[in-house]
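Heads up: the structure comes next, in structure tokens.
The values are calculated or read from the model by the stated rules, or taken from the named source; none is laboratory data. Keep in mind the model is a prediction, meaning the values are calculated, not measured. All Cβ positions, glycine included, derive from the backbone under ideal geometry; neighbour counts span all protein chains shown.
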Amino acid sequence: MRWIARLEIVFTIAFVFACLGGLGLLLQAVSMAFFGNAGGIGVVLTVPEAGVTGTLAEHAAFVGGVGEVMVRSTRPSPPVAGLYLLDNLPWLVTGLLALLSLVRALRLARSGDRALFSARTAGHLRTLGWTLIIGTAASSVLSWLAKTLLSGVLLTQVNPVQPPSGGGLVAMLFGAAALGIAEIVRRGLALLEEVEATI
């Protein structure tokens, strides 16, 4: 069980750093809203073909799709700050809730085999799974909305089609895996209770 304790420490540290990242995100949004963002963090937006072709060398040809640009608002803008939060905050909240569920499950698991195969562990794993699936889906939709609106504010040409995030799909797969593990734990617990009842 020593490796589970070490794993719990690693994810607890990750949770603390994610909380600090959330604080940094809020401070950055305040800076965007009231002080400007000339030297701050940019927003990654996609641009249509017309915005990409001008950056190609003579021997290169654009074959379709979109490109990404990093854009900053150089003057104070509360709407841009709000959309920046809408783009990033749901992802952060999803990550924090997922890490919290994982840390709780690991804390129970290191208590012993009986705690590992328990209804509480299965519950934490189910929470982790649904948090990753629902949180990622909601974050993707909100991020798409925020970036579409930000494109209208920060770009002269709006590209409403945002390519799907590969990381989001991976997170949803991990969520489905967590639900599967939770079901395995639940069935193992039920089988253990049946065996104990017969004895």
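Miscellaneous remarks
- Across the stretch 58-107, the number of residues qualifying as modelled with pLDDT of 85 or more and charged (D, E, K, R) comes to 3.
- Near pairs, Cβ below 7 angstrom, 6+ apart or cross-chain, from the stretch 135-153 (of a type in the set (Gly, Ala, Ser)) to any residue that is not in a helix (DSSP H, G or I): SER140/SER165; SER151/LEU45; SER151/VAL158; SER151/ASN159; GLY152/VAL158
- Cβ pairs under 6 Å, 6+ apart, first in the stretch 170-187 and modelled with pLDDT of 90 or more, second surrounded by 13 or more Cβ atoms within 10 Å (Cβ to Cβ) and among the hydroxyl-bearing types (Ser, Thr, Tyr): ALA171/THR136; MET172/THR136
- Just one residue in the set ARG126, ARG120 is at pLDDT below 90, in a helix (DSSP H, G or I) and under 22 Å from GLU183 (Cβ atoms); that residue is ARG120.
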